[in-house]
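For reference, the structure discussed in these notes is given below.
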Amino acid sequence: MSAKSVLHPKDREVILTKARKALKQGGLLILDGFTMKFIDDFEEKEIIEYNKYGFWSEKEHACIQRNHIYQDTLNTLEQYLVITEEDIECYNIWNQVFTKESIVSEIKNAGFENIDLYDDVAGKSYSGKDKTICVVAGK
């Protein structure tokens, strides 16, 4: 059985600080995350399916999917339990949701300057109405 986890804010700070130090002067960090719109559209649910094969396994398997929102930390969890005759695998897909203020604060705390926001990594002008937010931050 295996499981994955979302990064704790302190761990994100360490990674962002290391990324900043690794950049040359004038270098840019580009990252994106989910917004509150993502949570608004996220569906909490539990589904059980039986599949002869599929995305999670090429073998016959049962898949139990559970989606949950953790409002206190602004995280979502998409959990998939994949059960075959031989094994049980647990896949946890964690998503961190950011407000404009929270993502800018994390980037600034890591020492970045010249922060620009976009609705997506393709450079769509920031409106704050999309499911994603993209940050371009300079050293």
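Here are a few things to note about the model shown:
- Selection status of GLY54, small (Gly, Ala, Ser) and under 19 Å from the mean Cα position of the chain (by Cα): no
- Output for region 56-65, where each listed residue is in contact (Cβ under 8 Å) with a residue 24 or more places away in the chain and either under 14 Å from PRO9 (Cβ atoms) or surrounded by 15 or more Cβ atoms within 10 Å (Cβ to Cβ) (or both): TRP56, SER57
- Picking from residues in region 24-44 that are in a strand (DSSP E or B) and in contact with a Lys or Arg (Cβ under 9 Å, 6 or more places away or on another chain), the one that is farthest from ASN75 (Cα to Cα) is LEU28.
- Test result for LEU16, of a type in the set (A, V, I, L, M), under 24 Å from VAL121 (Cβ atoms) and surrounded by 10 or more Cβ atoms within 10 Å (Cβ to Cβ): yes
- Residues of region 89-104 classified as over 13 Å from ILE133 (Cβ atoms) and under 19 Å from the mean Cα position of the chain (by Cα), total: 5
- Qualifying residue in region 77-88 (condition: under 14 Å from the mean Cα position of the chain (by Cα), more than 24 Å from LYS124 (Cβ to Cβ) and charged (D, E, K, R)): yes
- Failed item, numbered, when ILE30 is tested on (1) farther than 29 Å from ILE83 by Cβ; (2) exposed (fewer than 11 other Cβ atoms within 10 Å of the Cβ): (2)
- Residues being touching a Gly at 6+ places or on another chain (Cβ under 9 Å), surrounded by 16 or more Cβ atoms within 10 Å (Cβ to Cβ) and either among the charged types (D, E, K, R) or closer than 30 Å to ILE47 by Cα (or both) - total across region 83-127: 5
Any read-out appearing in this document is the output of simple, stated calculations on the displayed coordinates, not a laboratory observation. A quick note: this is a predicted structure, and the numbers were derived from the prediction, not measured. FYI the Cβ positions are ideal-geometry reconstructions off the backbone, even for glycines, and counts take in every protein chain you see.
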